[in-house]
Amino acid sequence: MEDLSHLKHTPLHALHLSLGARMVPFAGYDMPVQYPEGVLKEHLHTRAAAGLFDVSHMGQIVIRPKSGRVEDAALALERLVPVDVLGLAEDRQRYGLFTNAEGGILDDLMIANRGDHLFLVVNAACKDADFAHLKRGVGDTCEVTLLDDRALLALQGPRAEAVLGELWADVASMRFMDVTEADLHDVSCIISRSGYTGEDGFEISVPAASAVDVAQRLLEHPDVMPIGLGARDSLRLEAGLCLYGNDIDTGTTPVEASLEWAIQKSRRSGGTRAGGFPGADRILAEFADGVSRRRVGLKPEGRAPVRGGAKLFIDAEGKQAAGTVTSGGFGPSVDGPIAMGYVDAEHAENGTRLFAEVRGKYLPLTVSALPFVKQTYKR
Amino acid sequence: MLKFTEEHEWLKIDGDIATIGITEHAASQLGDLVFVELPEAGAAFSKGASAATVESVKAASDVYCPLDGEVVEVNQAIVDDPSLVNSDPQGAAWFFKLKLSDPSSANALLDEAAYKELIG
């Protein structure tokens, strides 16, 4: 047997085992990939009712300005991300990217303005590097703390609002990307209306000591089912969302990754705070001049899934390369295979027919708009 | 004669024809299948060669040819409805029938008791 004793546990580890989860190593943690219902049913349940995800392996980071003025923390963080942080209103959250000097992506993250500090959620595999990067980048004016005493739960799906409302918190007034502090059964939680499934839903930061209690109370609701990493991946792929390490990394830029929407006008050329982030020269030049490849959605024509790593060609004989699939699988709600990947810019137009090499065959697929499912965010 | 492999295939052998599928244990480990690719009738395989592919939402897995032989028939029903492999893996969801090059080679495979011991 492989020695898994080095793996870290989230505060919900024992609960996962008691629910019959199949555990796998992920980003240094022993995590549930699926529960007894299986990936397919977990995926469909999340889109039909509500799914509960343990995402406690992700990093939760507080950036507190030494001056006491959150604007100072926002301006400091803007040195590391091509994002309008200063313009982020109190109790609002937005998606962001850490870039490197070459314009590549170090990680993607969520940034919330909590009034007197910023609250960040970063990827598990990157959290130690992100923490060090933040301390170097903003440590002169801010106190940076990686919270290791909090769990993170995600409740996703069309019944999420009603479930939270019935159990404790009036979250109906929250809009997509709002953040608030609320008591869930006398436990002080930070709740954001966001997620990684394309569904309406919430991410809930809970003190570690209360995580099992909060999770169990949510799972007692008949609409809520526990969801593993397997369905988390198929849900985000249908929603067209990037997985760091697969679809974006230090070798891809925000413009190549079709993430221009994450860079607000104020940080682009001509904006009030244009540039001033790592890799700005390259990234702003790519806004002006375009890029040689783009991340696109890909819809295989048949039933065979096309997985990450498959090579793409413009012809059915595999003669002229067109790019590479970075994520691919089967979309249970789409009821068919779906994928995304990078293709040469001249073949990136929606409707372009390409061919993916799978087990020696060349399977036709079409460049398609993302997401593959309708987003149901409460804007 | 019913035989098993360490790769979690079963073989029902009648003369020189083996009907081959994957075990209940394998089907349960793979989870809900969404795609099955079978070989062409007439294809010849050596023992251990990849003869079919099954895919769940998460991953693709090979099904290996358990003995040398030639495919004489495939089960289109599991291509049309891959979930049959989850619901009836050791019955209606057989994969293909193999004309064995050497029927006596099956003697070296696991019997049911040995397979059950293998999967614990």
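The values are calculated or read from the model by the stated rules, or taken from the named source; none is laboratory data. Owing to the predicted nature of the structure, the values given are computational and were not obtained by experimental measurement. For neighbour counting, all protein chains shown are included, and Cβ atoms are generated from backbone atoms with ideal geometry for every residue, glycine included.
Where in the range B:1-49 are the strands (runs of 3 or more DSSP E), entirely inside, with at least 2 residues that are of a type outside the set (Phe, Trp, Tyr) and within 10 Å of the chain's Cα centre (by Cα)? I'd like the intermediate steps shown before the answer.
Details: elements: B:2-4, B:9-14, B:17-22, B:33-37.
Because the criterion is at least 2 residues that are of a type outside the set (Phe, Trp, Tyr) and within 10 Å of the chain's Cα centre (by Cα), the strands (runs of 3 or more DSSP E) in the range B:1-49 that meet it are B:9-14, B:17-22.
For the range A:352-359, indicate whether the set of residues that are in contact with a His (Cβ under 8 Å, 6 or more places away or on another chain) and modelled with pLDDT of 95 or more is non-empty. Yes. Of the residues making up the range A:1-44, those that are among the aromatic types (Phe, Trp, Tyr) and touching a Pro at 6+ places or on another chain (Cβ under 8 Å) number 1.
Considering only residues of the range A:230-249 that are among the acidic types (Asp, Glu) and closer than 24 Å to B:GLY31 by Cα, which is farthest from the other protein chains (Cβ to nearest Cβ)? Of everything passing the filter in the range A:230-249, A:GLU238 is farthest from the other protein chains (Cβ to nearest Cβ). Give the range B:1-27 a look and list any residue that's among the aliphatic types (A, V, I, L, M) and modelled with pLDDT of 95 or more, or say none. Residues satisfying the conditions are B:LEU2, B:LEU11, B:ILE13, B:ILE17, B:ALA18, B:ILE20, B:ILE22, B:ALA26, B:ALA27. Out of the range A:76-112, which residues are under 14 Å from the mean Cα position of the chain (by Cα) and of a type in the set (Gly, Ala, Ser)? Across the range A:76-112, the qualifying residue is only A:GLY96. Considering the range B:51-118, the qualifying strands (runs of 3 or more DSSP E), each wholly inside and each with 3 or more residues that are closer than 17 Å to B:ALA18 by Cβ and at pLDDT 95 or above, run over B:69-74, B:96-100.
Within the range A:333-375, the set of residues being away from chain B (no Cβ under 14 Å) and among the β-branched types (Val, Ile, Thr) comprises A:VAL343, A:THR352, A:THR366, A:VAL367, A:VAL373.
Residue by residue, here is whether (1) more than 21 Å from the chain's Cα centre (by Cα); (2) in a loop (DSSP other than H, G, I, E, B); (3) at positive phi holds:
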| position | (1), (2), (3) |
| --- | --- |
| A:ASP140 | yes, yes, no |
| A:GLY165 | yes, no, no |
| A:SER173 | yes, yes, no |
| A:ALA182 | yes, no, no |
| A:ILE191 | no, no, no |
| A:THR197 | no, yes, no |
| A:ALA209 | yes, no, no |
| A:MET225 | no, no, no |
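Inside the range A:17-38, residues that are among the acidic types (Asp, Glu) and either part of a loop (DSSP other than H, G, I, E, B) or within 12 Å of another protein chain (Cβ to nearest Cβ) (or both) make up a count of 1. Take the conditions (1) within 14 Å of another protein chain (Cβ to nearest Cβ); (2) out of contact with any strand residue (DSSP E or B) (no Cβ under 8 Å at 6 or more places or on another chain); (3) without any contact (Cβ under 8 Å) to a residue 60 or more places away in the chain; (4) of a type in the set (A, V, I, L, M); A:ALA310 misses just one of them, which is (2). Looking across the range A:269-313, the residues that are of a type in the set (D, E, K, R) and either under 23 Å from the mean Cα position of the chain (by Cα) or under 30 Å from B:ASP32 (Cα atoms) (or both) come down to A:ARG293, A:ARG294, A:ARG295, A:LYS299, A:GLU301, A:ARG303, A:ARG307, A:LYS311.
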